[in-house]
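Taking it in order: structure first as structure tokens, then the write-up.
The values are calculated or read from the model by the stated rules, or taken from the named source; none is laboratory data. Nothing here was measured: the structure is a model prediction, and the numbers come from that model. Neighbour counts run over all protein chains shown; Cβ positions are idealised from the backbone, glycine included.
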Amino acid sequence: MIKVEDLRKNFGKLEVLKGITTSIKEREVVAIIGPSGSGKSTFLRCMNMLEVPTSGRIWIGSSEITDKKTNINKVRENVGMVFQHFHLFPHKTVLQNLTYGPMKVKGLSKAEAEKIGYELLERVGLFEKAGEYPGRLSGGQKQRVAIARALAMKPEVMLFDEPTSALDPEMVKEVLEVMKSLAHTGMTMAIVTHEMGFAREVADRVLFLDGGVLVEDAAPEQFFSNPKSKRAQEFLQKML
Ligand code: ADP
Ligand code: MG
């Protein structure tokens with residue numbers, strides 16, 4: 001579903017991604033972990049061209065997004081993204097947050113978009129908040145709306161960048177539960193997270209980044225119980 005070949009990204013002289021090669025299969029859930037500043041967000045953002053790679057190639061499905069001829073907006077419709085800080089439209093209701101993209105980008109009628117919107121709100125446990133404005137929701141509720149909004153576009157891939165890092169501890173679980181149930185539907189997911197328990201339980205694979213290098217690419221069991229690299233060992237010691 002996703003293929004990344006020798007991906008490099010520099011910001012000026014700073015080399016942030018130093019040649020990453022990996023792939024993510026359809027229905028696979030991949031946790032991306034590593035120290036702060038290791039390039040996790042940059043890596044994720046390259047996967048829908050929110051950052052333009054300095055070199056290397058990336059394919060989403062059969063589209064090479066790093067090919068200048070590819071219509072990136074078309075690809076992005078297929079790649080949902082959820083951020084640490086929600087990025088909801090503050091002046092739209094919860095339901096309008098969900099219907100905006102499908103109506104504007106996909107040309108769905110209001111009725112069609114609302115039907116999908118209500119179904120998704122039901123799925124994330126927020127049906128009764130449809131008419132509410134984001135400002136009146138808790139952080140956990142906002143993030144569940146953000147996930148539902150991304151799903152409303154019917155993406156083939158979902159990217160999550162530390163979706164629970166900005167939440168109060170008591171709200172982390174409700175968001176992880178939604179992500180877990182999404183994983184069980186067979187969604188292809190790449191998740192940057194510091195939730196090691198979640199990564200271990202839900203991910204099919206762990207990518208460990210350090211200093212812009214993909215240091216380990218392993219099954220969770222293997223990674224958490226027996227990390228190969230010294231850098232991963234040290235990281236896990238601090239995290240667990
Ligand atoms: P992580 O998500 O693992 O914490 P990031 O991908 O956000 O790491 O950042 C990796 C490095 O790239 C950091 O040193 C960060 O300061 C730098 N960086 C990220 N985005 C930019 C940018 N837009 N301009 C300049 N430097 C950036
Ligand atoms: Mg980050």
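List of remarks:
- From the list 78, 97, the one residue that fits, being surrounded by fewer than 17 Cβ atoms within 10 Å (Cβ to Cβ) and away from ligand 1 (no atom under 16 Å from the Cβ), is 78.
- Where residue 86 falls short, out of the listed (1) crowded, with 19+ Cβ neighbours inside 10 Å; (2) closer than 24 Å to residue 11 by Cβ: (2)
- Scanning the stretch 46-62 for residues that are part of a loop (DSSP other than H, G, I, E, B), in contact with a helix residue (DSSP H, G or I) (Cβ under 7 Å, 6 or more places away or on another chain) and touching a residue at least 60 places away in the same chain (Cβ under 8 Å) yields a single hit, 48.
- The number of residues in the stretch 72-83 that are over 23 Å from residue 131 (Cβ atoms) and at pLDDT 95 or above comes to 4.
Each row is one residue, and each column tells you yes or no for (1) crowded, with 16+ Cβ neighbours inside 10 Å; (2) within 12 Å of ligand 1 (Cβ to nearest atom); (3) at pLDDT below 95; (4) within 27 Å of residue 198 (Cβ to Cβ).
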{"site": "14", "(1), (2), (3), (4)": "no, yes, no, no"}
{"site": "20", "(1), (2), (3), (4)": "yes, yes, no, yes"}
{"site": "28", "(1), (2), (3), (4)": "yes, no, no, yes"}
{"site": "36", "(1), (2), (3), (4)": "no, yes, no, yes"}
{"site": "58", "(1), (2), (3), (4)": "yes, no, no, yes"}
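- Taking each residue of the stretch 4-32 that is within 13 Å of residue 46 (Cα to Cα) and looking for partners that are basic (Lys, Arg) and at pLDDT 95 or above with beta-carbon atoms closer than 6 Å, six or more apart or interchain, yields 5/57; 16/9; 17/8; 17/9; 19/8.
- Residue check for residue 36: polar (S, T, N, Q), within 14 Å of ligand 2 (Cβ to nearest atom) and under 19 Å from the mean Cα position of the chain (by Cα): yes
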